[in-house]
Amino acid sequence: MFHFLFAILLQALVVIFIFPWIHSDFKVRGEIFNSIWIVLGFTLLNWIVRWIFVIFTLGLGWILYYLSLGLLGLFANAFVLILMSRLFPGLLSVPSFGAAFWGGLFLSLAALVMKRENEWMDGHRVRKTITIFYF
């Protein structure tokens, strides 16, 4: 649970600090709580859009995703960010598809970093437990 909360916080920091760096009009209005809501909504909508894509392509969506080396996933992230800006116009402003694409890329990188950190920490705990167990 700690890793999930830390991942949400890291992605919220990406929304606060990296989005305005991509484009000056690409930002979340308000405090950190608004960016946390944007990240939670992005995660939920991204999950829904990806499963709809898989269902409509009859499972070939995963094959297309891997054949495109994840580029389709980045387009899905951009689509979800634009959808979020349309659903919450007073909360998130996305100036263009290019800005949404780069924003989705940075959100994906933050999620990847947290996933790798979580795997490393789990492996570290296992090794530590094994060494304690043997000695």
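Listed by position, the helices (runs of 4 or more DSSP H) contained in the stretch 1-68 that have at least 1 residues being of a type outside the set (A, V, I, L, M, F, W, C) and at pLDDT below 85 are 2-13, 32-56, 60-67. What's the total number of residues in the stretch 69-88 that are open to solvent by 90 Å² or more (accessible area, probe 1.4 Å) and modelled with pLDDT of 85 or more? Of the residues in the stretch 69-88, 4 are open to solvent by 90 Å² or more (accessible area, probe 1.4 Å) and modelled with pLDDT of 85 or more. If the condition is being modelled with pLDDT of 85 or more and more than 21 Å from residue 34 (Cβ to Cβ), then the stretch 97-122 contributes 97, 98, 101, 105, 109, 112, 113.
Residue check: is residue 3 open to solvent by 50 Å² or more (accessible area, probe 1.4 Å), in contact (Cβ under 8 Å) with a residue 24 or more places away in the chain and either out of contact with any strand residue (DSSP E or B) (no Cβ under 9 Å at 6 or more places or on another chain) or within 16 Å of residue 108 (Cβ to Cβ) (or both)? The answer is no for residue 3. Look through the stretch 13-31, keep the residues that are touching a Leu at 6+ places or on another chain (Cβ under 8 Å) and aliphatic (A, V, I, L, M), and return whichever of them is nearest to residue 100 (Cα to Cα). Within the stretch 13-31, the match that is nearest to residue 100 (Cα to Cα) is 15.
The values are calculated or read from the model by the stated rules, or taken from the named source; none is laboratory data. No experiment lies behind these values; they were computed from the predicted model shown. Glycine gets a Cβ as well: all are built from the backbone with ideal geometry, and neighbour counts include every protein chain shown. Heads up: the accessible areas ignore ligands, DNA and RNA and are worked out on the full protein's heavy atoms, side chains in. Shrake-Rupley method; radii C 1.70, N 1.55, O 1.52, S 1.80 Å.
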